Amino acid sequence: MILFIGLLANAQDVPVRGKVTSAVDGQTIPGVNIAVDGTNKSTTTDLDGNFTINASKNDILTFTFLGYITQKVNVANKTVLTIFLKEELSQLEEVVVVGYGTQKKVNLTGSVSSISTKEIENRPITQASQALSGLASGVTVQQGSGRPGNDGASIRLRGIGTFSGAGNDPLVLIDGLASSLNDVDPNNIKSISILKDAASASIYGTRAANGVILIETKRGRKGELTVGYNGYVGFQKVTALPDFVDSATYATLRNEANANVNNGGPSYTHAEIEKFRNQSDPDNYPNVPHLKNLLKSGSGLQMSHNFSFTGGDEKNAFLLSLGYLDQDGIVAENSYKRYNFQLNFDSQIKSNLKLKTNLSGYAANTDEPRHIGGDMTNMINFAVRQGPVFAGKKSDGTYGYQDNYSPQAWLDSESFTNRKNKLFLGGTELAWDFMKNFTLSGKVGYRYTNYRDKEFLSDLRFDANKYVGPNSLRVNSGFDHTITLQSLLKYAVDINKHSIAALAGYSQEEFHSESVSAFRDNFPNNLLYEINAGSSSNMQNSGSAGEWGLRSYFGRINYSFNDRYLFEVNGRYDGTSRFIADGRWGFFPSVSAGWKISEENFLKDVQWIDNLKFRASWGQLGNQNIGNYPYQNVIDLGDNYTFGGTLVSGARLRRLSNSNISWETTTVTDLGLDVNLFDGKFSMVFDYFDKTTSDILDVISVSGVLGLDPPTVNAGEVKNSGFEVLLNYQDKIGGVNFSISPNFSYTNNRVTKLSTGLDRDINRGLFVGHSVNSTYGYVADGLFVDQNDVASYPTQPYAAEPGFVRYKDISGPNGVPDGKVDATYDRKVIGSFFPKYSFGANLQADYKGFDVSVLLQGLAGFNRQIGAYQAYAFYNGGQVQKWQEENRWTQENPDPNAKYIKLTSLNQGSGTIAPSTFWDRNASFLRIKNVQIGYNFPKALLDALKIQKLRIYVTGQNLHTFNSFYKGWDPEMSQSTGDNSPFYPITSVYTLGLNLNF
């Protein structure tokens, strides 16, 4: 009887077939284990993610795979199943990329931040450097421009480490090869690891002083061919635009400014002002918003298309990615187009021999308008200057102009800038497990870039009385390549409670670059712009080449006892050709330790603590980016002179060299705490750091009788200290999954030493005890009310007048106020350009097929000034903004606390606009960096359409900025002070996108 019942039960089993795919990217997952609960029946998915298992309608199938959430499914009456596995929420098993390898995040002893592809995908990111904004602690990201092809962000890890030409950019490696962060298509990024302390970065030695960013690209997956598409189309507009007065108001205010200058007469009559107002004669009395027209002359259209192909068999897997980016600027005649590819190939040649190949590259083309004052950014700067009383294109086809400038005229001319750039980055690695626990690998890499820039300036006739010429052409071209050779020996073993991993390696890099430049003018027309067509009477040419090499030996030892006590030692011995032979080698060590206190017996049984770990590290890093061979005495050619009435060739020594010059050294101490609680729902990473860069290259002060530029010596020192915290909370309420991940960083940056005992270098903004790039100026005390106020107040360092800025007398020769304000005793550090605080938050939620994400990003604790045409009314005949009109000092309302001075004619020498707290502005801001709303179509529709994934989404990038900066100006936008302050506005981007997998 029992036997009969068992046979009957088996007779009720039916074949259940199906496919398992990833809920993240829709790709099939081979090797998933499928088991029938309560039985010993199980199977696994094949290379295409397919499975077949016998089960009855009452059975429950359990799907398990490492890194994914286990899923249980009732068979019921279904015979075909489509399973989507979600990634595991637990962060304890997360593996992050570190120097020359990977480690479990829970076992790290250094300070490493990681960003996954999920955090950056589907955002309208044109340059990969933009991806880091708001996502990682200890990282200051500033995107200063929306200029197509040149809208990447600057990245600083834990402050500014140096004020020398060695720079503050972190080392970036893409799949193990040194490159630029913007060389990789954001669509192809799998993960980003940011190595912030010496323990994690010292294995890169003399190139790691500013931290290291490791990019890992996506790879192929075994299984049937999967085709993916990710694309969007959208438009751009400026994030902030100043509001200028109209031409009638401009003319009225011009008369007021004239009256304020020694009671000068009016520039415009009442009748003329009325013509500006009624626009009865727009050619002669126009009302043209030049900047607004220029920044809306382009379409601003932006689109991106990416196709990916992945697949493979049991021994081989590949990924091919093809991308296209088309970005039309907000200025006419401006566009950027980029075509890129990525080909990654993995082959298990033998059971102990694996080949890994990465090939990528792009071809890019940039077009921009040009004018006599320079490139497109200069054109925008001069459009700020040009008032509405200057016509654009008139009804007879001629142009209004101010000096040699007219945005409309130069846009209509044949002038242009064209830049072509190409990149190839390739690497092949062969890994051999030649015996148990040992792996030997060799890698060869090659990076090649070239460029060709053409800058053509046409001649131009504005009208019968105004001609600008001659036309001219400059062509610049060049290339560079880097060859990398690398060999690694790895050893890993577990012996009882002891885990040991060791790495020894050798690396060699060779870099070579060449460039040439040619110039000619007086071309026969504006349609023929090749060098040979120009006149040879004023032709110019130049060329240069450079090369350097780096050879390194490095190693690392990791030791873990009982998965509780963690130790790591790193060391790198670097030799660079940039230094003299006797001093070109240096050793850069680091040590670190971790204590997983949650594994101790007194905490191990506390169920709500998943992980509690203390970390500590110390190490040294180097910076060898000091230029090529600065220890050599270089003879400059071309210094010709007259001898006996004949011009002869001459040469001279211009700079005194220093044969003892060496690299800058950065010493970092880090204390960290990692916390994971409540089954992975809450996590925190906290770090305190102290980073000191010593032997900074600085120029010593010498007597003028030397007759040479002074040498550069290792003399300066900069210190950065602070803390950073990253929090994450993720949970589920009903059917809503959500996560909140804020981060905050504080960095106290200060110069601690300058050369030859100096305490300041005013021209470079360097002051001992203050931040690099500090602002130095007067302390403002409002505005002068009247002439009596001017007479009774301490004597000013300029010809003060009522309505001008009042500078405080803060000291004198005896250290106390002396009744006289002067530049020697009454200026001080009044601000810093570098933010003390950086912060952000990533908010995500999904419900059924809908998902939404919000990214916030901000910087605080810094001040900025802006360009002269942007900050001052009537500067060199410039414009007037409405906030200046509405908040100005007037004789009728002589408010000492007015936000703007009286209207007057200003220029570079005007004392009232000297650097002071009156013109310094708090540049802190909080930006809604990105908002994305998406919908994943249900699997019933996908099955009907025979596709794996279909998602539509809308995004907004740089949506809104909260700040108290100059009205109409974005505080993050890069521009200099003074007359020459070219810029391109930061842009908001609105897109509609599609994700599709077959």
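Only the coordinates and a few stated rules stand behind these numbers; no lab work does. Since the structure is predicted, the reported quantities are computational estimates derived from the model, not experimental observations. Positions of Cβ are backbone-derived with ideal geometry, glycine not excepted, and every protein chain shown enters the neighbour counts.
Observations on the model:
- Whole-Hz Karplus values for region 916-933 come out as 7, 5, 5, 9, 6, 10, 5, 9, 4, 7, 10, 10, 6, 6, 7, 10, 9, 10 Hz, taken residue by residue from phi with 6.51 cos²θ - 1.76 cosθ + 1.60 and θ = phi - 60°; glycine and proline positions read x.
- Lysines whose Cα lies under 24 Å from that of LYS719, excluding same-chain neighbours fewer than 8 positions away: LYS196, LYS691, LYS753, LYS828, LYS836
- Counted over region 232-301 with a bin width of 5 Å, the fraction of Cα pairs per bin, in whole percents, is 3, 15, 17, 17, 14, 12, 9, 6, 4, 2, 1, 0.
- Hull shadow area, averaged, region 68-203 [alpha-carbon convex hull, nm²]: 11.5
- Using the Stokes-Einstein relation with a Kirkwood hydrodynamic radius computed over Cα pairs, the translational diffusion coefficient of the chain at 20 °C and a viscosity of 1.002 mPa s comes to 66 µm²/s.
- Surrounding net charge for TYR631, when Lys and Arg each add one and Asp and Glu each subtract one, Cβ distance under 14 Å: +2
- Couplings 3J(HN,Hα) of region 439-445, computed from phi: 9, 10, 9, x, 9, 10, x Hz, in residue order, whole Hz [Karplus 6.51 cos²θ - 1.76 cosθ + 1.60, θ = phi - 60°; x for Gly and Pro].
- Charge sum, other residues only, whose C-beta stays under 13 Å from GLY849's C-beta, Lys/Arg counted +1 and Asp/Glu -1: +2
- Peptides 397-403, 688-694 ordered by packing proxy, namely the average of other Cβ atoms within 10 Å per residue, highest first: 688-694, 397-403.
- Counting only Cα atoms, the size of region 372-496 along its three principal axes is 89, 33, 19 Å, in decreasing order.
- In a DSSP loop and with at most 15 other Cβ atoms within 10 Å, the trypsin sites (Lys or Arg not before Pro) in region 923-988 are LYS946.
- Residue separation of ALA464 and ASN980 scaled by 0.36 nm, minus their Cα-Cα distance, works out to 182.8 nm of gained length.
- Helix 376-385 axis, angle to the chain major axis (alpha carbon atoms, nearest 10°): 50
- Calculated over region 675-788, the projected area of the Cα convex hull averaged across directions stands at 16.0 nm².
- Placing a label point 7 Å from the Cα of ALA259 along the Cα-to-Cβ direction, the residues of region 763-797 whose backbone N falls under 19 Å of that point are 785-787.
- Positive-end residue of ALA383, TRP432, PRO369, charge dipole of region 364-455 with Cβ unit charges: TRP432
- Residues ILE69 and ASN40, FRET efficiency given R0 of 25 Å [Cβ-Cβ distance, rounded to 0.05]: 0.60
- Size of charge dipole - region 305-349 - debye, nearest 20, with Cβ of Lys, Arg +1 and Asp, Glu -1, no other charges: 60
- Farthest towards the positive end of the charge dipole of the chain, among the residues PHE84, PHE462, VAL73, is the Cα of VAL73, using unit charges on the Cβ of Lys, Arg, Asp and Glu.
- The Cα-based radius of gyration of region 861-998, divided by its Kirkwood radius, gives an Rg/Rh of 1.26.
- The P(r) of region 167-313 has a tail past 28 Å containing 59 percent of all C-alpha pairs.
- Fewest-first ordering of HIS305, HIS270, HIS371 by other beta carbons within 10 Å of each residue's beta carbon gives HIS270, HIS305, HIS371.
- Taking every lysine pair in region 868-998 that is 8 or more places apart or spans two chains, those with Cα atoms closer than 21 Å amount to 7.
- For the chain, the longest principal axis of the alpha carbon atoms and the long axis of helix 247-260 meet at an angle near 50°.
- Taking Cβ atoms as reference points and 14 Å as the exclusive limit, the residues near LEU320 contribute a net charge of +1, counting Lys and Arg as +1 and Asp and Glu as -1.
- FRET E, pair LYS78, VAL227, Förster distance 30 Å, beta-carbon r, rounded to 0.05: 0.60
- Highest to lowest packing among 464-475, 875-886, scored as the average C-beta count within 10 Å: 875-886, 464-475
- Dipole magnitude for the chain: computed about the Cα centre from +1 point charges on Lys and Arg Cβ and -1 point charges on Asp and Glu Cβ, it is near 1840 debye.
- Shape of region 123-251, Cα gyration tensor, a/c cut at 1.5: oblate
- Per-pair calculated FRET efficiency, R0 = 30 Å: LEU322 and THR428 via Cβ, rounded to 0.05: 0.90
- Residues of type aspartates and glutamates that LYS466 reaches as a straight line, Cα spacing below 13 Å, ignoring anything fewer than 8 places off in the same chain: ASP403
- Simple rule: put +1 on each Lys or Arg Cβ and -1 on each Asp or Glu Cβ in region 155-268, find the dipole, and look at ALA259, PHE244, ASN210; the Cα lying farthest toward the positive end is ASN210.
- Inter-label distance, SER792 to LYS296: 5.0 nm, where each label sits 7 Å from its Cα along the C-beta direction.
- For ASP59, the residues whose modelled amide H falls within less than 5 Å of its own, excluding neighbours fewer than 5 places apart on the same chain, are VAL75, ALA76.
- Principal-axis tilt of helix 2-11 within the chain, Cα atoms, nearest 10 degrees: 40
- At 1.306 mPa s and 10 °C, Stokes diffusion of region 352-439 via Kirkwood alpha-carbon radius, µm² per second: 90
- Taken along the Cα-to-beta-carbon direction at a fixed 7 Å, the label points for ASN562 and HIS960 span 5.5 nm.
- Net dipole in debye of region 787-889 [+1 Lys, Arg Cβ; -1 Asp, Glu Cβ; about Cα centre; nearest 20]: 180
- For region 558-642, applying the loop criterion from DSSP together with a ceiling of 12 other beta carbons within 10 Å to the GluC sites (Glu not before Pro) yields GLU600.
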